[in-house]
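S.K.: The following block contains the structure, expressed as structure tokens.
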Amino acid sequence: MTNSGRKLRIAAVNSVNQGGETYLEYLRAVLKHLPADCEVDVFQTENTGLTKQEAENFLGRIVNPASYGAFPLIDEGGYTHFIGNDAYAARFVPESLRAIFISHGSAPMPASSDYMFSDWTSFWDCIIGASKGMTGMAARGMSSYRHARWSGKLNVPGAACRSDLRTTAFCPSTPLKFPGRVEEVAELEQRSDFTVGILPTSVTAIRQSAVLYNSLADIVPTILEHFPEARIVFRPYPADLENPACQKWFEPLRTIPRLLLDETGRSSAEFYEESDVLITDGSTGGVSYMLKRVIPPIYYIPEASLQDHIVSWFSDEINNKVLVAKTADELREKIIECRAMKAENRLAYYRNYCDGDLYLEKDKASYIEDALFGQLEAFKRVDRVGRIFDPVASGGLQ
């Protein structure tokens, strides 16, 4: 029941463009921890990478069709809350519903948008996030965005059912895919025939100077030359597989011996298990890999890209929390370091990240109930004019 005594009725919607099980996992995790007495209807739009049957098999419940881009996406009819895994979808949600976004990953990233995608996320009432760094980045971006909207520097970003000038709260949560904290791990098996996973994020999501595809001429030859028995599994962002502009990179990759271009759409969990070393650009999947495997990922951040203030900030944010390489020579050294790393050192990276950047004080169900029932004033939030309030900070207003 809601605080007003009204029955809690939730529309949970899977609508990530070309998204597969990886993004549906976020929705499944929330559904698993919802209060038992609420009513839930699950919807999926036609633009995802899954069929209705695949989604139903994965979730173990009925999935209803919905049309992406329809106004509204979900009829008001009795719903109190909308929960979605696609940042853009809130604009299609009726104003009367509390709209809650499940943000992806457990880390910040060098976003392509100076406003950190606030032209999408400003339509949400609550954003569930597991990373303190990501929350801080998003709040600063949203503050700048709303200041720009009120000053007339930015126009309304397209048609919408609701206003983007509202209070948006950042609701903390234990990482939704977090299996629980690990206290001990076995030593890595030392083999020459190991697998290097390469995980670029979407080419449209991060700063162009940091896009991993621009560094393929450094990354792939380094692995092939210095680790002759290593195998490479290259996993593009799902939407990029359908992006004609990306084919110029994919075609050459398909011809390289010992390199598999992963076009299966399988869960990221399977990819993580297969990867003995993981290289990424700015994907939050790098940290997800560390949380699952207790192996620090390697973030490849070219030296030249640090001239961009967002990339420089990101580099400072993750420095000493993961492995970072800025050149091909450094990449070779980091792969060697990663493969030889003792269990106690792997745990040190893992603990440093968990203790410094994640919200682990409560269980998932408690955090999710906070987002459903909590007063927005209880959370770090950005109000409609762009002021940042943090109840933890002295005085509240930042």
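The values are calculated or read from the model by the stated rules, or taken from the named source; none is laboratory data. In this text the structure is predicted, and so the values were computed from the model without any measurement. Neighbour counts run over all protein chains shown; Cβ positions are idealised from the backbone, glycine included.
S.K.: Kindly check whether there is at least one residue in region 131-139 that is within 16 Å of Arg166 (Cβ to Cβ) and out of contact with any helix residue (DSSP H, G or I) (no Cβ under 8 Å at 6 or more places or on another chain).
M.R.: Yes, because at least one residue in region 131-139 is within 16 Å of Arg166 (Cβ to Cβ) and out of contact with any helix residue (DSSP H, G or I) (no Cβ under 8 Å at 6 or more places or on another chain).
S.K.: Residue check, Gln53 against (1) over 26 Å from Glu369 (Cβ atoms); (2) touching a residue at least 12 places away in the same chain (Cβ under 8 Å), all met but one. Which one?
M.R.: With respect to (1) over 26 Å from Glu369 (Cβ atoms); (2) touching a residue at least 12 places away in the same chain (Cβ under 8 Å), Gln53 is out only on (2).
S.K.: Residue by residue through region 172-190, note down the ones that are of a type outside the set (A, V, I, L, M, F, W, C) and part of a loop (DSSP other than H, G, I, E, B).
M.R.: Ser173, Thr174, Pro175, Lys177, Pro179, Gly180, Arg181, Glu183, Glu184, Glu187, Glu189, Gln190 - these are the residues of region 172-190 that are of a type outside the set (A, V, I, L, M, F, W, C) and part of a loop (DSSP other than H, G, I, E, B).
S.K.: Return yes or no: is Thr264 in contact with a Leu (Cβ under 8 Å, 6 or more places away or on another chain), β-branched (Val, Ile, Thr) and at negative phi?
M.R.: When the stated conditions are applied, Thr264 does not pass them.
S.K.: Sticking with this one: Please state which one of Ser96, Ser15, Ser113, Ser106 is of a type in the set (S, T, N, Q) and in contact with a Leu (Cβ under 7 Å, 6 or more places away or on another chain).
M.R.: On the way: Ser96 fails: in contact with a Leu (Cβ under 7 Å, 6 or more places away or on another chain); Ser15 fails: in contact with a Leu (Cβ under 7 Å, 6 or more places away or on another chain); Ser113 fails: in contact with a Leu (Cβ under 7 Å, 6 or more places away or on another chain).
Residue meeting the stated conditions: Ser106.
S.K.: Do the conditions hold for Pro257, that is, is it in the same structural domain as Ile301 (by TED's automatic domain parsing), without any contact (Cβ under 8 Å) to a residue 24 or more places away in the chain and not in a helix (DSSP H, G or I)? Walk me through how you get there before you give the answer.
M.R.: Numbers: in the same structural domain as Ile301 (by TED's automatic domain parsing): yes; without any contact (Cβ under 8 Å) to a residue 24 or more places away in the chain: yes; not in a helix (DSSP H, G or I): yes.
In short, yes.
S.K.: Looking at this structure, is Tyr213 under 17 Å from the mean Cα position of the chain (by Cα), not polar (S, T, N, Q) and not in a loop (DSSP other than H, G, I, E, B)?
M.R.: When the stated conditions are applied, Tyr213 does not pass them.
S.K.: On to the next question. So, in region 145-170, of the ones that are among the β-branched types (Val, Ile, Thr) and in contact (Cβ under 8 Å) with a residue 60 or more places away in the chain, which residue ends up surrounded by the most Cβ atoms within 10 Å (Cβ to Cβ)?
M.R.: Across region 145-170, the extreme among qualifying residues is Thr168.
S.K.: Only one residue in Val382, Val392 is at pLDDT 90 or above and of a type in the set (A, V, I, L, M). Which one?
M.R.: Unique residue meeting the criteria: Val382.
S.K.: Please find, within region 222-243, the residue that is surrounded by the most Cβ atoms within 10 Å (Cβ to Cβ) out of those that are within 26 Å of the chain's Cα centre (by Cα) and either charged (D, E, K, R) or assigned by TED's automatic domain parsing to the domain that holds Gly20 (or both).
M.R.: Arg235
S.K.: Mind checking which residues of region 350-370 are touching a strand residue (DSSP E or B) at 6+ places or on another chain (Cβ under 7 Å) and either without any contact (Cβ under 8 Å) to a residue 60 or more places away in the chain or charged (D, E, K, R) (or both)? Quick ask: steps written out before the conclusion?
M.R.: Just the residues of region 350-370 that are touching a strand residue (DSSP E or B) at 6+ places or on another chain (Cβ under 7 Å), to begin with: 357-359, 367, 370.
Passing the criteria: Asp357, Asp370.
S.K.: Something else about it: Tell me the residue from Ile336, Ile295, Ile256 that is surrounded by 16 or more Cβ atoms within 10 Å (Cβ to Cβ) and out of contact with any strand residue (DSSP E or B) (no Cβ under 6 Å at 6 or more places or on another chain), please.
M.R.: Being surrounded by 16 or more Cβ atoms within 10 Å (Cβ to Cβ) and out of contact with any strand residue (DSSP E or B) (no Cβ under 6 Å at 6 or more places or on another chain) holds for just one of Ile336, Ile295, Ile256, which is Ile295.
S.K.: Answer yes or no: is there a residue in region 370-384 that is among the aromatic types (Phe, Trp, Tyr), out of contact with any Pro (no Cβ under 6 Å at 6 or more places or on another chain), surrounded by 15 or more Cβ atoms within 10 Å (Cβ to Cβ) and in the same structural domain as Leu199 (by TED's automatic domain parsing).
M.R.: The answer is no; no qualifying residue exists.
S.K.: Yes or no: Asn64 in contact with an Asp or Glu (Cβ under 7 Å, 6 or more places away or on another chain) and modelled with pLDDT of 95 or more?
M.R.: Judged against the criteria, Asn64 is a match.
S.K.: Tally the residues that are within 19 Å of the chain's Cα centre (by Cα), closer than 24 Å to Ser112 by Cβ and in a helix (DSSP H, G or I), restricting the search to region 261-315.
M.R.: 13
S.K.: Another one. Please go through region 298-328 and pick out each residue that is touching a residue at least 40 places away in the same chain (Cβ under 8 Å) and surrounded by fewer than 18 Cβ atoms within 10 Å (Cβ to Cβ).
M.R.: Of everything in region 298-328, those that are touching a residue at least 40 places away in the same chain (Cβ under 8 Å) and surrounded by fewer than 18 Cβ atoms within 10 Å (Cβ to Cβ) turn out to be Ala304, Gln307, Asp308, Trp313, Thr327.
S.K.: Mind listing whichever residues of region 241-272 are of a type in the set (Asp, Glu) and under 24 Å from Ile295 (Cβ atoms)?
M.R.: Within region 241-272, Asp262, Glu270 meet the criteria.
S.K.: Here's another thing I want to ask about it. Based on this model, can you work out whether Ser192 counts as surrounded by fewer than 20 Cβ atoms within 10 Å (Cβ to Cβ), of a type in the set (S, T, N, Q) and in contact with a Pro (Cβ under 9 Å, 6 or more places away or on another chain)? Steps first, please.
M.R.: Working: surrounded by fewer than 20 Cβ atoms within 10 Å (Cβ to Cβ): yes; of a type in the set (S, T, N, Q): yes; in contact with a Pro (Cβ under 9 Å, 6 or more places away or on another chain): yes.
Considered against the rule, which asks whether it is surrounded by fewer than 20 Cβ atoms within 10 Å (Cβ to Cβ), of a type in the set (S, T, N, Q) and in contact with a Pro (Cβ under 9 Å, 6 or more places away or on another chain), Ser192 comes out as yes.
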